[in-house]
Each structure stands twice: as C-alpha cells, then as structure tokens.
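Structure, as structure tokens:
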Amino acid sequence: MSTERIPGELIDKVVKIRRCAAVVKGGRRFSFAALVIVGDRQGRVAWGYGKANEVPPSVEKAVQDGKRKLVKINLAGSTIPHEVIGTFGSAKVVLIPARPGTGVIAGAAVRDVCEACGISDILTKCYGSTNPTNLVKATISALESLRTKNEVAKLRGVEL
C-alpha cells in the first residue's frame, strides 16, 4: 500500500463517540453522537459534530459538518509561528512552537487537531477541563488566532 498523499485530500479522525439512552415503554433506545476532526495536513482544519441512531451515520454526519467549517491556519514550516492560548468553556490550551524533530507533545484530543492540521512539532499543555469536546474547540480557536510576522506588521502599519 502506498503512503503517498493526494494534495488537498481530507483526512478525518474520530475523537469521541457518545451514547445517549432514552427510556421508552419497551426499554432503552440508544442514539449516538460523534465528534470528528477534519483536516488536509496542509493548514486547514475543522471539527464536526453529528448525531444519529447508529454510530456510522453519526460519524458521516460529523465529517460532513467538519468539511463545511474548514478554516485556514497560519503555520511556520512544521510548527506554529508563536506561542498562543486558546479557551473554550473552562478548557484552556497553551500551544508552544517547537524545534524540528520534537514531535507532537499533546494529549489525544489536541494531538488529533495538530496532526490533521499538519503540525508535526509542537508542545502543548491543557489547564482546567479535560473534556475532549472543549479541548478540541479551544485548540482550534487558538490556531485560528495565529498571525504571521507580515500580518502583524500590516495590521500595525509598520514595514519589516
């Protein structure tokens, strides 16, 4: 099997599948909710959420939701341009750029976001809530707030 990637091909990673039970006359009726990360490993990433009565349809719905919400992330090679903090609810994620060869030092939810985005060298630390849903949203909000040197210079009206 070849490991070559087609440019622009989207990958998806299931972060969390939740089961919900509704008690009805004949017993319990289960439904499922899936949280999925969608990315192209070239700076575009999003999260998707889908619910259905079975697991595969909920994952498919989540992937479709994620494809609609893809955002472009500013990267500096295989890492990020600067340190950044992202929050969602009580989850707080600190992302720190790392030298080449460091790898992705992160927990499961944050690691999935970084790998789907194309980041291969980064240090992370999570504070507060460790709920995977909130960590994913906090990580993506942090990545969205990244700025390159040229963007910052343009916003300040300064020439480099």
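Points worth noting:
- Some residue of region 57-65 being outside the structural domain of T139 (by TED's automatic domain parsing), farther than 12 Å from L143 by Cβ and of a type in the set (V, I, T): yes
- Of the criteria (1) closer than 18 Å to L143 by Cα; (2) free of Cβ contacts under 8 Å to residues at least 60 places away in the same chain; (3) assigned by TED's automatic domain parsing to the domain that holds N134, which one V84 fails: (2)
- Among residues of region 72-103, those that are of a type in the set (A, V, I, L, M), touching a helix residue (DSSP H, G or I) at 6+ places or on another chain (Cβ under 7 Å) and modelled with pLDDT of 95 or more, counted: 5
- Of all residues in region 65-81, those that are without any contact (Cβ under 8 Å) to a residue 60 or more places away in the chain and under 19 Å from R111 (Cβ atoms) have Cβ atoms under 7 Å from Cβ atoms of residues that are in a loop (DSSP other than H, G, I, E, B) and among the hydroxyl-bearing types (S, T, Y), 6 or more apart or on another chain, in S78/S120.
Conditions (1) closer than 21 Å to L146 by Cβ; (2) outside the structural domain of V15 (by TED's automatic domain parsing); (3) within 11 Å of the chain's Cα centre (by Cα); (4) of a type outside the set (A, V, I, L, M, F, W, C), marked per residue:
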{"residue": "G50", "(1), (2), (3), (4)": "no, no, no, yes"}
{"residue": "T79", "(1), (2), (3), (4)": "yes, yes, no, yes"}
{"residue": "S90", "(1), (2), (3), (4)": "no, yes, no, yes"}
{"residue": "L95", "(1), (2), (3), (4)": "yes, yes, no, no"}
{"residue": "A108", "(1), (2), (3), (4)": "no, yes, yes, no"}
{"residue": "I122", "(1), (2), (3), (4)": "yes, yes, no, no"}
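- Pairing each residue of region 120-135 that is in contact (Cβ under 8 Å) with a residue 60 or more places away in the chain with any residue that is buried (at least 19 other Cβ atoms within 10 Å of the Cβ) and assigned to a strand (DSSP E or B), provided the two are 6+ apart or on different chains, yields C-beta distances under 6 Å for P132/V15; T133/L35.
- V55 vs. criteria touching a strand residue (DSSP E or B) at 6+ places or on another chain (Cβ under 8 Å) and under 20 Å from L135 (Cβ atoms): no
The values are calculated or read from the model by the stated rules, or taken from the named source; none is laboratory data. Note that the structure is predicted; figures quoted are calculated from it, not measured. With ideal geometry, Cβ positions are generated from the backbone for all residues, glycine too; neighbour counts draw on all protein chains shown.
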